[in-house]
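Colleague: Okay, handing you the structure first.
The values are calculated or read from the model by the stated rules, or taken from the named source; none is laboratory data. These figures come from a predicted structure and were not determined experimentally. All Cβ positions, even for glycine, are placed from backbone atoms using ideal geometry, and neighbour counts span all protein chains on display.
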Amino acid sequence: MFQRSQLKTLNDRINESRKFIQVITGPRQVGKTMLIEQFMDESGFACHYASADTAGLAENVWIHQQWETALLKMSTGNFPEIILILDEIQKIDKWADTVKARWDSDTLTHVPVKLVILGSSPLLVQKGLTESLAGRFEVIAMQHWSLAEMESAFNFTPEEFAWFGGYPGSVSLVKDEKRWKDYIVNSLIETSITRDILLMTRIHKPALLRNLFYLGCAYSSQILSYTKMLGQLHDAGNTTTLADYLHTLGSAGLLTGIEKWSGSRITKRSSSPKFQVLNTALISSQNLMKFQDARNDLTFWGRIIESAIGSHLINGSASGNYEVYYWRDGNQEVDFILQKNSKIVAIEVKSGLSGKTPGIKTFCNRYPATRPLLVGFEGIPWQEFLRINPEGLF
């Protein structure tokens with residue numbers, strides 16, 4: 001099956017002594033539950049799995065019930081230890097405090113329960129971890145599937161990946177594009193916004209957040225100032241609110257704003273962001289064009305390709321420990337700047353017939369230690385670049 005590196009990591013950690021809570025987090029539909037199903041099938045451990053999806057907005061008594069069920073299974077089955085797996089944990093009120101109390105109590109009395117937590121709202125899960133479970137957990141962060149993963153599992157072509165994105169659960173629907181688009185919009189986008197953000201986070205202007213998401217998808221791979229965003233959204237809000245909402249959308253695995261590289265973190269944070277979807281399915285599912293028509297529209301297809309490159313770089317940064325920026329000075333621009341410690345990689349994406357890159361030349365003249373890369377025309381084919389682990393660029 002798939003995502004073998006995460007499965008190996010989980011197996012290795014569970015096989016160690018009872019030290020840390022294992023937390024698996026990531027956007028909806030990226031294979032978290034699939035990973036756990038593989039783990040339960042292959043690990044040989046006694047397990048008890050429960051999902052808060054069936055509990056609704058439950059009180060924390062649900063956690064106590066599942067914990068006691070796991071202990072009972074361990075006792076009646078005469079197992080030396082048991083793995084308790086709690087899915088969609090962010091839906092339980094004050095879940096982190098309850099988990100902390102049970103975990104600390106079992107640690108003190110040497111009860112052999114090992115805990116795995118899953119959550120599809122990374123922002124809320126992280127909040128609970130840092131506020132209540134500091135020093136007690138390790139995180140396995142799952143991202144949207146890459147081209148290499150979609151090729152291996154479903155024989156996706158690079159072009160199919162650029163259009164249909166990296167949602168493994170939607171693959172069975174791609175032959176019927178209308179049905180596929182309905183699924184992405186209703187089951188992924190709306191569910192993520194409504195259940196993972198609006199239902200779980202204090203959002204004072206829900207309509208503004210929702211409209212910001214759709215605006216960001218329409219402008220993915222393009223730079224837009226916060227002032228222009230407010231004008232496009234017809235809202236009298238402030239730029240701080242927009243920046244916070246953009247961060248929230250990024251934490252839900254939907255949309256982020258790439259900051260401008262300048263060498264100054266203060267300047268980066270105040271810059272006009274470059275919109276970037278974290279999965280290109282978020283663009284194509286909202287577009288009336290079909291796959292083949294989109295490929296024939298060179299301008300639009302170029303934006304799809306650049307968004308695919310951007311999402312590949314952003315998703316890779318979680319495990320690669322590098323940062324992603326863009327650069328612009330006047331009319332000169334570099335699509336992506338990667339920085340890891342003192343190492344810098346400048347990437348220009350050219351999906352058309354012109355390979356001229358005056359922006360990257362200027363940037364490299366100013367920062368001679370930069371490694372320049374051209375993706376597309378006369379450079380690395382974009383299809384090949386999407387198969388590269390970006391961490392290897394350093």
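Colleague: Consider F363 against the criteria (1) among the aromatic types (F, W, Y); (2) outside any strand (DSSP E or B); (3) surrounded by fewer than 20 Cβ atoms within 10 Å (Cβ to Cβ): it satisfies all of them except one. Which criterion is unmet?
Modeller: (3)
Colleague: Can you pull out every residue in segment 127-180 that is touching a residue at least 40 places away in the same chain (Cβ under 8 Å), of a type in the set (G, A, S) and surrounded by 22 or more Cβ atoms within 10 Å (Cβ to Cβ)?
Modeller: Hits for segment 127-180 are A162, G165, G166.
So that you can scan it fast, the table gives a plain yes or no per residue for (1) buried (at least 18 other Cβ atoms within 10 Å of the Cβ); (2) outside the structural domain of M200 (by TED's automatic domain parsing); (3) touching a residue at least 60 places away in the same chain (Cβ under 8 Å):
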residue	(1), (2), (3)
K8	no, yes, no
N15	no, yes, no
Q22	yes, yes, yes
A50	yes, yes, no
H64	no, yes, no
T76	no, yes, no
A96	yes, yes, no
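Colleague: Quick one: in segment 156-192, which of the residues that are aliphatic (A, V, I, L, M) and within 14 Å of S146 (Cα to Cα) is farthest from the chain's Cα centre (by Cα)?
Modeller: In this case the residue turns out to be V171.
Colleague: Does K114 count as assigned by TED's automatic domain parsing to the domain that holds L84 and modelled with pLDDT of 95 or more?
Modeller: So K114 passes the test.
Colleague: For K290, all conditions in the list (1) loosely packed, with under 15 Cβ neighbours inside 10 Å; (2) under 22 Å from Q143 (Cα atoms); (3) touching a helix residue (DSSP H, G or I) at 6+ places or on another chain (Cβ under 7 Å); (4) not polar (S, T, N, Q) hold save one; what is the number of the exception?
Modeller: (2)
Colleague: Quick one: G231 ticks every box in (1) farther than 18 Å from Q286 by Cβ; (2) in contact with a helix residue (DSSP H, G or I) (Cβ under 7 Å, 6 or more places away or on another chain); (3) outside any loop (DSSP other than H, G, I, E, B) bar one, so which box is it?
Modeller: (2)
Colleague: On the basis of being in the same structural domain as F363 (by TED's automatic domain parsing), touching a Ser or Thr at 6+ places or on another chain (Cβ under 9 Å) and within 25 Å of L313 (Cα to Cα), does L230 make the cut?
Modeller: Answer is no for this residue.
Colleague: When you go through (1) out of contact with any helix residue (DSSP H, G or I) (no Cβ under 6 Å at 6 or more places or on another chain); (2) in a loop (DSSP other than H, G, I, E, B); (3) at pLDDT 90 or above; (4) among the hydroxyl-bearing types (S, T, Y) one by one for S221, which number turns out not to apply?
Modeller: S221 satisfies all of (1) out of contact with any helix residue (DSSP H, G or I) (no Cβ under 6 Å at 6 or more places or on another chain); (2) in a loop (DSSP other than H, G, I, E, B); (3) at pLDDT 90 or above; (4) among the hydroxyl-bearing types (S, T, Y) except (1).
Colleague: Do any residues in segment 26-44 that are on the phi > 0 side of the Ramachandran plot have Cβ atoms under 8 Å from those of residues that are buried (at least 19 other Cβ atoms within 10 Å of the Cβ) and of a type in the set (A, V, I, L, M), where the two are at least six apart or on different chains, and which pairs are they?
Modeller: Qualifying pairs under 8 Å: G26/M142; Q29/L188; G31/M142.
Colleague: Go through (1) in a strand (DSSP E or B); (2) within 22 Å of the chain's Cα centre (by Cα); (3) surrounded by fewer than 20 Cβ atoms within 10 Å (Cβ to Cβ) one by one and return the number of the condition L374 breaks.
Modeller: All conditions are met except number (2).
Colleague: Could I ask something else about it? When segment 197-218 is examined, which residues are found to be assigned to a helix (DSSP H, G or I) and among the hydroxyl-bearing types (S, T, Y)?
Modeller: Matches in segment 197-218: Y214 only.
Colleague: Okay, moving on. Taking segment 31-53 only, how many residues are more than 20 Å from E68 (Cβ to Cβ) and outside any helix (DSSP H, G or I)?
Modeller: Residues flagged as more than 20 Å from E68 (Cβ to Cβ) and outside any helix (DSSP H, G or I) within segment 31-53 amount to 3.
Colleague: Just a yes or no: is a residue in segment 34-52 at pLDDT below 95 and in contact with a Cys (Cβ under 6 Å, 6 or more places away or on another chain)?
Modeller: Yes - at least one qualifying residue is present in segment 34-52.
Colleague: A further question follows. If you go through segment 60-70 one residue at a time, do you hit one that is more than 30 Å from L198 (Cβ to Cβ) and of a type in the set (A, V, I, L, M)?
Modeller: Of segment 60-70, the ones more than 30 Å from L198 (Cβ to Cβ) are 68-70.
Now drop any that are not of a type in the set (A, V, I, L, M), which leaves 70.
Yes, there is a match, as at least one residue in segment 60-70 is more than 30 Å from L198 (Cβ to Cβ) and of a type in the set (A, V, I, L, M).
Colleague: Quick one: A134 ticks every box in (1) over 26 Å from K290 (Cβ atoms); (2) under 19 Å from the mean Cα position of the chain (by Cα) except a single one, so which number is it?
Modeller: (2)
Colleague: Same structure, new question: Which of the numbered conditions does F385 fail, given that it passes all the others? Conditions: (1) under 30 Å from D297 (Cβ atoms); (2) touching a helix residue (DSSP H, G or I) at 6+ places or on another chain (Cβ under 6 Å).
Modeller: With respect to (1) under 30 Å from D297 (Cβ atoms); (2) touching a helix residue (DSSP H, G or I) at 6+ places or on another chain (Cβ under 6 Å), F385 is out only on (2).
Colleague: Got a number for residues in segment 295-316 being surrounded by fewer than 18 Cβ atoms within 10 Å (Cβ to Cβ) and small (G, A, S)?
Modeller: Summing the residues that are surrounded by fewer than 18 Cβ atoms within 10 Å (Cβ to Cβ) and small (G, A, S) in segment 295-316 gives 1.
Colleague: Can we say I193 is of a type in the set (V, I, T), under 27 Å from P273 (Cα atoms) and part of a loop (DSSP other than H, G, I, E, B)?
Modeller: On the way: of a type in the set (V, I, T): yes; under 27 Å from P273 (Cα atoms): yes; part of a loop (DSSP other than H, G, I, E, B): no.
Criteria not met by I193.
Colleague: Moving on. Please go through (1) in contact (Cβ under 8 Å) with a residue 60 or more places away in the chain; (2) closer than 27 Å to N331 by Cβ for L233 and return the number of the only condition it doesn't satisfy.
Modeller: With (1) in contact (Cβ under 8 Å) with a residue 60 or more places away in the chain; (2) closer than 27 Å to N331 by Cβ applied to L233, the lone miss is (1).
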